[in-house]
1. With respect to the numbered conditions (1) touching a residue at least 12 places away in the same chain (Cβ under 8 Å); (2) surrounded by 14 or more Cβ atoms within 10 Å (Cβ to Cβ); (3) of a type outside the set (S, T, N, Q); (4) not in a strand (DSSP E or B), which one is the sole condition not fulfilled by Ala40?
2. Step by step: first the residues of segment 50-85, then only those that are closer than 27 Å to Lys141 by Cβ and of a type in the set (Asp, Glu), then the one that is nearest to the chain's Cα centre (by Cα). Which residue is that?
3. Restricting the search to segment 104-113, which residues are hydrophobic (A, V, I, L, M, F, W, C), closer than 20 Å to Asp60 by Cβ and out of contact with any Asp or Glu (no Cβ under 9 Å at 6 or more places or on another chain)?
4. Against the condition in contact (Cβ under 8 Å) with a residue 24 or more places away in the chain, surrounded by fewer than 19 Cβ atoms within 10 Å (Cβ to Cβ) and assigned by TED's automatic domain parsing to the domain that holds Ala260, how does Thr307 come out, does it pass?
5. In segment 93-152, what residues are under 15 Å from the mean Cα position of the chain (by Cα), outside any strand (DSSP E or B) and of a type in the set (S, T, N, Q)?
6. Exactly one condition in (1) touching a residue at least 12 places away in the same chain (Cβ under 8 Å); (2) closer than 30 Å to Pro21 by Cα is not met by Gly155; state its number.
7. Which of the residues that make up segment 206-239 are among the small types (Gly, Ala, Ser) and more than 30 Å from Ala98 (Cα to Cα)?
8. For Thr135, state whether it is hydroxyl-bearing (Ser, Thr, Tyr) and either more than 22 Å from Gln305 (Cα to Cα) or surrounded by fewer than 18 Cβ atoms within 10 Å (Cβ to Cβ) (or both).
Amino acid sequence: MNVSNPQSSPVFSKLAISLSPLYLSAPAAVELVQSIGLKACMAGIAEFIHADFLRWEDFDKSARVANHSLDGVIELMPIADDTTYSFKYVNGHPKNTAMGLSTVMAFGVMADVATGAPLFLSELTLTTALRTAATSALAAKVLARPDSKVMALIGNGAQSEFQALAFQHLVGIETVRLYDLDPLASAKCMANLSRSGLDLQICDSIAQAVQGADIVTTVTADKSCATIITSDLIEPGMHINGVGGDCPGKTELAASVLAASKVFVEYTPQSRVEGDIQQMPDDFAVTELWQVLKGQKSGRDHVSQITVFDSVGFALEDFAALRFMYEAACALGMGERLSLIPKLSDPKNLFGTLLKTGLKSDGLCVAS
């Protein structure tokens, strides 16, 4: 498969800027990942994310727009550079699984900045899991100790297998210790990863899972201020990948853990509201990941330092993931064209589309 160079934003020809954007459905996304291979897909998305983080200054950035309710949140995540705009619609409703729905459901759009024409419409539920795992692994490669082999995975729901495999393939993790309040979730995760080559261990407690781990990944869904990892559990040299604390009032790490660590975030204005650092004073020191990737600031300073990646998910990661999926779909000839925008012989005559349909509106007879 020939995917375009991840170092540059997609450049679309005038032929690509049509009124029929490419659509990648959920089943098509599954087929795409199976065609490429999961390892190659995660590595490719990580490469695109890395490349776009190195272009950090090129983007018009903002924190996501969130509408909170009692049981969850619905968010829009926009971002753009000079040529391409994207947004993601995503929800987070932890109670959904009791109704047979996913906790997280998402879709995304990519559009041409020069014209505003939509170019790509894609599922992002599966892709979000892929990009989250790819981002976690990308951060760990520059923040965790290079000799890290053992990871504790706290929370074994829908995101867990992706995290485990990304850390195996992109970081070099060999052993994964599983813990979840729901034993069935851990059993599911272990069964899904049974042929991965990982040494999998189901643990009876968080403490058992964390003890001696090089990396601790927390990816829980409970919409509450939790303290899953406390200071008595952390050890010198540990890297903590905090994924589940991603909206106001939802945390996973005790404030004392953050105080004892060097903390890294994606986009500070968003992370101070949504991340685990929402517990800390406004002047609590953090480093943005792009600064480390670009060599402007240091990552881990010494082998015994405790590092935390307080990940909440940022729109630039979805921008990169959409770019990758678009390029892959085009290379594989996958997806279908949608008639999303009316095709007008006269762009100023939108009403004329009704005159050709034989419709009636409010007593107005429309010619057939």
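1. Going through the list (1) touching a residue at least 12 places away in the same chain (Cβ under 8 Å); (2) surrounded by 14 or more Cβ atoms within 10 Å (Cβ to Cβ); (3) of a type outside the set (S, T, N, Q); (4) not in a strand (DSSP E or B), Ala40 breaks only (1).
2. In the first step, residues of segment 50-85 are kept if they are closer than 27 Å to Lys141 by Cβ; the result is 50-59, 61, 63-64, 77, 79, 81, 84.
Still in the running and of a type in the set (Asp, Glu): 52, 57-58, 81.
Values: Asp52: 14, Glu57: 20, Asp58: 20, Asp81: 19 Å.
Selected residue: Asp52.
3. Taking segment 104-113 first, the residues hydrophobic (A, V, I, L, M, F, W, C) are 104-107, 109-111, 113.
Okay, now just the ones that are also closer than 20 Å to Asp60 by Cβ, so 109-111, 113.
Answer for segment 104-113, where residues must be hydrophobic (A, V, I, L, M, F, W, C), closer than 20 Å to Asp60 by Cβ and out of contact with any Asp or Glu (no Cβ under 9 Å at 6 or more places or on another chain): Val109, Met110, Ala111.
4. Details: in contact (Cβ under 8 Å) with a residue 24 or more places away in the chain: yes; surrounded by fewer than 19 Cβ atoms within 10 Å (Cβ to Cβ): no; assigned by TED's automatic domain parsing to the domain that holds Ala260: yes.
In short, no.
5. Scanning segment 93-152 gives Thr103, Thr125, Thr127, Thr128, Thr132, Thr135, Ser136.
6. (2)
7. The first filter runs over segment 206-239 and keeps only residues among the small types (Gly, Ala, Ser), leaving 207, 209, 212-213, 221, 224, 226, 231, 237.
Result: Gly212, Ala213, Ser231, Gly237.
8. Numbers: hydroxyl-bearing (Ser, Thr, Tyr): yes; either more than 22 Å from Gln305 (Cα to Cα) or surrounded by fewer than 18 Cβ atoms within 10 Å (Cβ to Cβ) (or both): no.
So Thr135 does not fit the description; no.
The values are calculated or read from the model by the stated rules, or taken from the named source; none is laboratory data. Because the structure is a prediction, the values reported are computed rather than measured. Neighbour counts run over all protein chains shown; Cβ positions are idealised from the backbone, glycine included.
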